[in-house]
Structure formats: structure tokens, C-alpha cells
Amino acid sequence: MTATAAPPGREVGARGARALVDLVFRARELSLLAALAVLVAVTAGVNGNFLSGQGVEDILLNTAILALLAVGQSVVVITRNIDLSVGSVVGLVAFVTGDVLARGAGLVPAVLLGVAIGAACGLVNGLLVSFCRVPALVVTLGTLYVIQGLDHYIAHGRQINAVDLPPALLALGNGAVLGVPYLPLVTLAVMLAVGAYLRAYPSGREFYAIGSSPEAARLAGVPVRRRVLAAYLLSGGLAGLAGVLWLARFGTVVGDSANGWELLVVSAVVVGGVAITGGVGSVYGAALGALLLTTIGSALVVLRVNPFWQQAITGALLLLAISVDRVLAVRVARLLRKGGRR
Amino acid sequence: MSAHPTLALAGVSKSFGAVRALRDVSIELYAGEAHALAGENGAGKSTLVKTLAGVHRPDQGMILLDGEPVVFTGPADAQRAGVAVIYQEPTLFPDLSVAENIFMGRQPRRSLGRIDRAAMRAATRELFGRLGVDLDPGRPTRGLSIADQQLVEIAKALSRDARVLVMDEPTAALSGAETARLFSVVEALREHGCAVLFISHRLDEIFALCQRVTTLRDGQGIASEPVAGLTHDDLVRRMVGRDLGALYPKQDAALGDVALRVERLTREGVFTDVSFEVRRGEIVALAGLVGAGRSEVARAIFGIDRWDAGTVTVAGRDLPPGSPTAAMGAGLALVPEDRRQQGLVMEMSIERNIGLTGLRSLRRGVTISRRAERDRAADWAARLRLKFARLGDGVGVLSGGNQQKVVLAKWLATEPSVLVVDEPTRGIDVGTKAEVHRLLSELAGQGIAVLMISSDLPEVLGMADRVLVMREGRLTAEIPRAEATEESVMHAATRRAA
Amino acid sequence: MTRVLRWDVLVGALLVAVFATGSLTVPGFATTGNLSFALGDLGEIALIALAMTLLVVAAEVDLSVASVLGLSSALVGALWDGGLAIETIIPLVVLVGAVCGLVNGLLVTRLGLPSLAVTIGTLALYRGLAYVVLGDQAVAQFPPAYTALAVGDVPGTPVPYPVALFVLLAAVTGVVLHATGFGRALYAIGAQEQAAFFAGIRVKRIKLLLFVLSGTVAAFAGVVFTLRYGSARADNGLGVELAVIAAVLLGGVDFDGGKGTLGGVIAGVLLIGLLRNLLMLGDVSTEIQSIVTGLLLIVSVLTPRLVSVVRPALKGTP
């Protein structure tokens, strides 16, 4: 145990603790923005191309898909669960949607199919977690491999090529309106909608209630199982949408798209300030986390750092985020304890 | 008064494994009446509350709402029927704001069905105004004191405009002023036609607030009668089922050397400057309200939590902070407050639970001797007259009283010189309670120093050679046996700082 | 009845059934050569499963084992490339594994973080470091004496060396888990950590030790893996954590801790090994194998929960 420097006076305690609590809640988004600013400034200082139109657009496009997944994941994590299967869902949906489109299906039915496949995967996860009470980590680790296996099985070494896809889809992936690419706009819309729902609607608050204290939620009459199921449905559905966007962005897809992305997504969410133990965080933070991770990836390339560092950095950031959260929480708890008695 | 009770239980039974928590219990709650539920710890009060709240479903019997049978499939059903419950332990969402905790699921709305936060805060302030509470509606509930948490629970129940208000020991952690405030609010609700069920271990409160009282003993309804005309002693007799004198047989024992010395022990924000000593052969009680810091002192002495300043000395040796292993080595034993979480590993067998404190002494070579383990368990089971089928059975199948005996056995097997017991008779039947008291008395007679934390005032008064009283983290009184009365102890426990 | 319905016994019976079916229906399955190969192929999973069993019994988990295996493999390759003797490399790499485990353990015990979150992070970190060390290249041509040790059989038996080592370690683990105070403490920690702490058990120290052990074993498994395939790569053992956890849970160890036997885990490991081998002999594609492993994992956690729901209902009266 480390001793805090100067023990604060008791009368300062309560008020100081309160201010600190406020700061901690707001600080995450701020510190993420600060980190982002420093990163961008340093990288741009070293290599001016980093802030070129193309560079920024690449970052936005890459962030869009990750952030979309992070939005879905954060809803699941807020309920004190986890969904490791999202990466596989993206891969499966990207391939299957590409396959049906290449066979001449209409764009809208194909997109709907993609989202439906994702939601179906989410439904399976959600039913197993909420109604069968099986640990979320184990279930979604299992479905990760099952879905990935399905993806490979269906793909069977084939490849979807951009030339077989309808131009409208590719335009969605690479086009822009007023210079802003479509993809980030889609993500932004989804993020704002989910964020508003979680913040402003009674049923949205129940996700936080469940993650904060499942037992209290049950006693308060919160439909815990239905909400957890809904979280997985949303996460799965958004992963389906992300699969479609993946196809639109890259055009060429083989059987293992987004392999291993579940780690990136979980890291983005946790770095973005969603507590892995549930009840705390916002989709905005999660999306910012995604933006930061993506920017780091791009910066590494620009700075000519061995790109193999990226995964290690992702892992280290995740560890840093949960460690800092924990240390701050302990500090705050100690301050509250010391200022607690009136 | 309407013909039908607003809410009633008729012939309700409920069992948990081998434990029959409620047996054929009936109770009728009428509009405009405050109804007390009396009974010792473990009599089944909390089970009854949870049945009314829709948490437990009765095995037999039924719940009647306005005279019609209803089935509560969950807490949400009971809430829809107008039942609001304040549980003994606060059930809050630590990460959410005070206002959100109060209005979860019933938030005031504005356009498009969105939550109206301003209205929610205003409503919270209004509720706090009625209760005379000064809390910021916007702060998270994490870090609130137990008393403040309980006040949030009370505000939550009030906000429901409930037809039936059930309160399970709402005053346990409250100060005198806060309690008085609560009572005036409850009084007002009652006059507006709310049916109230009130549980408290402070009998005075029952007499002050309630019109009827139902007494439970060992899961059975003993009596349901008007409060007027009852005396304090009548009520105690119904709860205990015998005269008090027989229950607390502390024998005088010759006091020996100081076995446990605690000096200026401080854990910041939890307790401050606690000093006392316990001699061999002595039983010292640590009394006070829930949240006064008693259990926390016990935890620190035993090394569960660290202390910030002060010393703990056992038989002349200073203990290092934060090491239960060192405390055990010095001859300390702690029978903790929470039997199911701290005292026992519920999934393990009786013999393994008893063996858990002696993993080293049961060793023969590298491995554990199962025979030594079984012998140890059998020995202590016999000495404590444990009722069990097989030593290999899980402790989960035992009754509360027998579980407590297993905890005692587990610790007595370490042959301690200082025994700290935290609420040793909470939730156990009257018969076992008397056995535990006799045992503690015998142990003191054998020269063990006993530090007993108890919220059961008659137990404190009957068992202790000396009573230490804590209030808000400080020792406020040391009362020798001859001068210890309910009044003197409660006074020291509740008096506001000057 | 509970005795017969015990999960580990069921898995054992299932194992026998699978073996019998395989022997009768799949040609080339019940030969000494094939079984010896199947066992050898299981070596790393089996070794890691031993340490993982101890962790899961104590209600913790280490998802980073496959990444430690990969990092260890990459280090073996890089150091061998750098001209170090294999006798120096092996202890060095195993030490790095211990440090990896120590990092996991310190984050879990000192900061009080959930092991799940920590080891998801180190899963990425250690695998990332493996790539940093070796990139996407492969290092081969290890001394034949050592590769022979990894694939060869104990003289006079059809038992590969890694399997012999596993048998030895399994015996030790079995005794530790089921007959010593340390093992008792693990069950107590897993079932009710607070009660274990209140009984004077040094919970944090024990957990730290388990994580160090897990990292050490995983690094050693990385050495075996590298020598067995004669190829050091950063992506060696990708996804092995899944097979290990599936084997442990399939063997009847409760993911929430406090329950399970080593015998069950060994049955679980063998069951997974046999199924993989049968699928391989049946020329079933690797993707189906991945699906089967995933399904097994889900079934192994789902079934006990369903049983616990169904059993009281079957008994009828409350």
C-alpha cells in the first residue's frame, strides 16, 4: 500500500472527494482527447503527411467500423457481461453478405440479412447468458470459434471480389458527402442514438443498474434477463452492420475478416472508460477509445515503427486503462471513507 | 377501516433446504394501521418481508391483496400492487446518482419519453426535505455512510406512494433525530391510509409507532394483538418463549492477565482512537448501533483490514497490521459477523470447514491426514453437541444454529487465547442461542478472553463483565456489569456529539 | 445417485464410449502409432491444463497462456538465431514465462483487478511482443537431439516424452490438489474467498503463485511446441487457450471456482484429443474442428447448469 502524500484535513475530505469523483467521471473523455491531441501533434510534427486529407480519411474510415463494434460492446459490458464473438460475426456477415450480393441479391435485402445474421448470433449469446446463466466469457469464447468455423466452412477458401459487388455498396464504403465519408456518419448516427437511449430513457438506465448491482436490480423489479438479452441482440446486430460496412469498405473479402478484432473492441471499450465490472461508462467514451487505438495504429505506420508493436500496445493500453481506473477508484474510496463521517 | 386487509398472508410456509423459515404464518395489514413484526433474530421476520415483497414465493399458503388471492412472481409484481419495501441491508446501485436510485424504473418523463432529470432532482430534494436529509441528489451513492444509504432507501419507498410500506429494521443505523423524523413521515403516511409493517429490535419504537404487533418465534406466528395493553415484558416473553433470566448464564470467573490490549487503534474514517483491554476469563461486550464501527474494529484486530495507527497486543506480542495468519499464530480467533460469506465455505463439508483453520496441524508429511481431520471434526462436533447426519455432509444443509456451531468449532479447534465473536447468536434458534451463551461462559471460565460484539441488548447485558459502547467510530463509554442497563447503553450509543 | 451422476464420472464414461466407437468405426484409429501420435499432439494442451485447473478451482482464469506459449516460441527462435545454446535458451525462456505470469498475478492480487480483464489484456500484449520479437518469420533447424526429445518415445514404450512428463506432473498436481493443505485452500478460495481469508489462508500469495506457475508451464509448453514442430513462430499456439479452457470445464471444473477434480480434467483433455484425432482421421476440415471445440466448450458449461435446474424439478416435492 502506498501512503498518500499529505493526509487531507477531514473537513476538506467530503467536498474534495466529491470533486474528485466528478473529475474522475468526466476525466476519461478529457484525458482521451488530450492523449489523442498529443499523439496527433507529435506524429504530425515528425511527418506532415499524417494530417493530409487522405491520412485523416483513412483514420476515420478505419475508426468507423471499430467504433460501431465498440458501441455495441459497451452496452454489453455496462451490464457486467462481455461479447467476444463480435469479430467472428463481422467476418461471417462480411462473407455471407458479399456472397449473396455477388449472386445478384438486392442491396437492401442483403444489408438486412447481414444485420439479421448478427442479431441471430447475439440472440444465441444472449439466451445462453441471460436465461441459462452461463458465464458470458465462456459462452462468447465458444461462439467465437463456432462462428469463425462457420465462416471458414462457408468461405471454403473462396474470395469475394469487389468487381462482383454492386457499385452502390462500394460507394457507401468509400464515398463521401461534403468531404465527410459515409461510414463514420453511419457510426456517428448509431452512437448518438444508442448514447441518447442509454442516457435519457428509463429502460436505458436499467442497463447501468444491472451492471452496478445485479441483486439490487432484481429487487427493484428491473427485467434483468430481458435487458441482458437486448444488450447481446444490439451488440450482435451492430456487429452484423459492421460486417456489411467492412464489405463495403474493403470490397475484397476472404473467410477470416476481422479475425482477432474482439480484442481490439474490448480494448477500445475499456480504454474508453467503460468499467469491465459494469455500471460505468458511455458509448461516447468507447468510440473515443476506438478512435485512439486506430490513430495509434496509423501513427505507428507514419512514424515507421515496426507495425508488429500495434497489438502489444493495444494490450498494454487495456492494462493501463483498467489499472488506472482501479487505482483511482481505490483513492476515491479512501477519500470518501476519510471524509465520510459527519 | 375497510373490511379487507390491504395485504395479508394466510397460512404461509417457506423452507430453504432443511431450514423451515416460516411455518403456517398469517398476518393482516390494514390501511391506516402501523403493524409491528416482533421476534428474535432468525425468527423468520426477513423471510416474511421478502415473501411480501415478491422475492420469495410461499411453499404453502397464499398472499391476499384486498382480500383476493394474488401470486407475486417477482419484486416487480409486488411493486405494481403498491408494496414498497425497505430492506435491512440497503440495495442501491453504487454507480448511479442518488436521484436515479430513488426513481429507477419510474423516472419522471418529458417530451419523447425522455427522463426529466431536473424534475427528478427536484422530486428528490422534496423527498429529502420531508425527511430532513441533506444529500446532493446528483452524487453517486457509492461511498455513502450506511445511515445515508438507509435514508435513500426510505426516500425511495416514500416516492412510490405505496399502499403498503414494509420496513425491515429501518432505524438500525439512524441517529435519534433521524429516527424521529422518519416516524413523523410514517405517521403522516399512515394517516393517509397507508398500511405499514414495521420491524425493529428496539421495542420502544414498536410501542411508539405501532397499533398492532405480530410476534414470530422459530418461524411460527405466536400472537397477533393490539399494542395497547401490552407491556415490554409481555412482548419479550412472546419473542423468547421463556423468562429472560435463564438465557444468559455468564458465570463469574477469576480474571487473569491482560490477554488482548488495543491501544489508540485508528482506521481513518472508520474508527478512531479505540483503546481497551480484555483479560483472561473476561467477557467484554462491544455495543453500539449498526455502523458504529464495532465489526470494523474486530476485523482490524484480526488483520482482515489494515489499521492506520495504534497497536494490538496479544499476550504481550504486538501484531502486524493486516495479517490474519499472524493474528491466528498469536492465539486470536474471530467468529465473523456474516456466517455464510465469512464464517463458512458453504459448499464444503462439515469436517473440511472445521479443518480449514488447521491445514498445517493436520499435515502428516506433505499431505493432509483425512483421519486427523475427521477426528478433529468429530471431537468438536461432540463437544458442541452439533446436530448432523454425517461429517461429510455440506454445511449448507445444517440449520443456522448448527452452522454457527461449526464456525465456533472451527475456531475453538485452534485453541485460541482470545476469542472475538461478532453477533454470535444472530439468526439462530432460541435453544442453540442458550447453548452458545453457556459455551461462551464456559470458555471464559477456562481462561479464554472473550470480546463479544452484539446488537442484542439483553444478550449484552446478560453475558458481559464489562460493556464498551461505540458511537460513530469512537468508544464513548465503558460500563461495568453492575451499572449496565438498557438505558445506560442506549444512551451512550445514540447521544449526539455536543 | 449423486455419485453416479458426478460430472467427471460422466466425462470418463463418454471418453470410453468415444474410444470404443472410434475403434470400431474408424480404421487406423486404435493403432499404437496413431494413439501415440494423438497423445503427443495433446502434450502442450495437457500441460497447460494442469496449471489452468488449479487457477480455475481458485476461481481465476488465465487467458494469456496461448500468447505466453507464442512468446516463448518466438524467443526460442530469436535466441537460437542469435547463436545461443539451446541449453541456455530453455531456462531463460521459461523464466520469461514466469515473469509473464508474475505480471498477471501482480495485477490481479495487488490491484484487485478481475483476472479475466487482465489476461485479455496480456493475451494481446504477450502475443504482440511475440510478433515484435520474431515478426512473421519462422526459425527452424533446431538440434536433432532436442527435437527428438519432443517427438520421440520413451525407450521401449509407445509413450512420447512430453506425455511421460505430463503423467509425472499430473500425478504431482493430483496429490497437491486433492491431498494437501494447499489444495484444500484452493477449493476454499474458489468456493468462498472471504471465508478462506477469514480462516487465515494467504489468498493473495497463493493466487500469485498460481499465475506464476501458469506462465511458467505455458512457456515450457512453448518450448515443447517449438521443438515438436521444429519451427519457432510468433503465431504458434494461436487459440490454444480455448482448447485448454474447454478441457478444464469439460472435465467438470466449475468456472465459478471451488469444484472439480483433476481426474475429470484429464478425462476432458483426452476427450478433446480423441475427438480431434477422430475428426482428423475422418478427414474433416479444420474449420469443423474449430466448431466442435467451440460447441464442446458451450456444452460443458451449459450442461451442469441445466442439470442443476432440472434435477430439483425431477425430485418433485420441495
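Worth pointing out:
- If you go through the stretch B:149-167 and pick out every residue that is surrounded by fewer than 23 Cβ atoms within 10 Å (Cβ to Cβ) and either at the interface with chain A (Cβ under 10 Å from one of its Cβ atoms) or in a loop (DSSP other than H, G, I, E, B) (or both), you end up with 4.
- Residues of the stretch C:175-226 satisfying the condition of being within 14 Å of chain B (Cβ to nearest Cβ), farther than 25 Å from B:VAL420 by Cβ, crowded, with 21+ Cβ neighbours inside 10 Å and of a type in the set (A, V, I, L, M, F, W, C): C:LEU177, C:LEU186
- One residue stands out among those in the stretch B:380-395 that are part of a loop (DSSP other than H, G, I, E, B) and touching a strand residue (DSSP E or B) at 6+ places or on another chain (Cβ under 9 Å): the one that is surrounded by the fewest Cβ atoms within 10 Å (Cβ to Cβ), which is B:ARG390.
- For the residues B:ALA84, B:ALA122, B:ALA118, the requirement of being under 28 Å from A:VAL280 (Cβ atoms), aliphatic (A, V, I, L, M) and touching a strand residue (DSSP E or B) at 6+ places or on another chain (Cβ under 9 Å) singles out B:ALA84.
- Boolean, C:PRO114 is at pLDDT below 95, in contact with a Phe, Trp or Tyr (Cβ under 9 Å, 6 or more places away or on another chain) and closer than 25 Å to C:SER214 by Cα: no
- Strands (runs of 3 or more DSSP E) completely within the stretch B:186-275 that count 2 or more residues being surrounded by 14 or more Cβ atoms within 10 Å (Cβ to Cβ) and polar (S, T, N, Q): B:212-217, B:220-226
- The single condition among (1) out of contact with any helix residue (DSSP H, G or I) (no Cβ under 6 Å at 6 or more places or on another chain); (2) modelled with pLDDT under 90; (3) of a type in the set (Val, Ile, Thr) that A:VAL280 does not meet is (2).
- Scope the stretch B:62-84; condition free of Cβ contacts under 8 Å to residues at least 12 places away in the same chain and under 17 Å from B:SER159 (Cβ atoms); matching residues: B:ARG80
- A single entry from B:ARG130, B:ARG106, B:ARG142 fulfils the requirement of being over 25 Å from A:GLY273 (Cα atoms), at the interface with another protein chain (Cβ under 8 Å from one of its Cβ atoms), touching a helix residue (DSSP H, G or I) at 6+ places or on another chain (Cβ under 8 Å) and of a type in the set (D, E, K, R): B:ARG106.
- With respect to the stated conditions, A:GLY240 fails to be within 14 Å of another protein chain (Cβ to nearest Cβ), within 15 Å of A:GLY87 (Cβ to Cβ) and of a type outside the set (Ser, Thr, Tyr).
- Filter pass, C:ARG276 being more than 9 Å from every other protein chain (Cβ to nearest Cβ), surrounded by fewer than 21 Cβ atoms within 10 Å (Cβ to Cβ), assigned to a helix (DSSP H, G or I) and among the charged types (D, E, K, R): yes
- Of all residues in the stretch B:333-365 being touching a Pro at 6+ places or on another chain (Cβ under 6 Å) and in a helix (DSSP H, G or I), the one that is surrounded by the most Cβ atoms within 10 Å (Cβ to Cβ): B:GLY343
- Matching residues in the stretch B:314-349 - criterion: being over 18 Å from C:ARG202 (Cα atoms) and more than 24 Å from the chain's Cα centre (by Cα): B:VAL314, B:ALA315, B:GLY316, B:ARG317, B:ASP318, B:MET348, B:SER349
- The stretch C:257-298: number of residues that are touching a residue at least 60 places away in the same chain (Cβ under 8 Å) and not polar (S, T, N, Q): 22
- Answer from C:ILE291, C:ILE266 - the residue that is over 30 Å from C:ALA196 (Cβ atoms) and either assigned to a helix (DSSP H, G or I) or out of contact with any Asp or Glu (no Cβ under 9 Å at 6 or more places or on another chain) (or both): C:ILE291
- Verdict on B:ARG306 being out of contact with any His (no Cβ under 7 Å at 6 or more places or on another chain), touching a residue at least 60 places away in the same chain (Cβ under 8 Å) and of a type in the set (D, E, K, R): no
- None of B:ARG267, B:ARG280, B:ARG352, B:ARG317 is in contact with a strand residue (DSSP E or B) (Cβ under 6 Å, 6 or more places away or on another chain) and basic (Lys, Arg) except B:ARG280.
- Criterion violated by C:LEU129 - all others in (1) under 23 Å from C:GLY263 (Cβ atoms); (2) within 14 Å of chain A (Cβ to nearest Cβ) satisfied: (1)
- Among the residues of the stretch A:148-197, those identified as more than 23 Å from A:GLN54 (Cα to Cα), aliphatic (A, V, I, L, M) and crowded, with 19+ Cβ neighbours inside 10 Å are A:LEU150, A:ALA155, A:ILE160, A:LEU165, A:VAL190, A:MET191, A:VAL194.
Conditions (1) among the small types (Gly, Ala, Ser); (2) crowded, with 22+ Cβ neighbours inside 10 Å; (3) in a helix (DSSP H, G or I); (4) under 20 Å from the mean Cα position of the chain (by Cα), marked per residue:
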position: B:THR425; (1), (2), (3), (4): no, yes, no, yes
position: B:ILE428; (1), (2), (3), (4): no, yes, no, yes
position: B:GLY431; (1), (2), (3), (4): yes, no, yes, yes
position: B:ALA434; (1), (2), (3), (4): yes, no, yes, yes
position: B:ARG438; (1), (2), (3), (4): no, no, yes, no
position: B:GLU442; (1), (2), (3), (4): no, no, yes, no
position: B:GLY447; (1), (2), (3), (4): yes, no, no, no
position: B:MET452; (1), (2), (3), (4): no, yes, no, yes
position: B:PRO458; (1), (2), (3), (4): no, no, yes, yes
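The values are calculated or read from the model by the stated rules, or taken from the named source; none is laboratory data. Remember, it's a predicted structure, so these values are computed and weren't measured experimentally. Cβ: placed from backbone, ideal geometry, glycine included. Neighbour counts: every protein chain shown.
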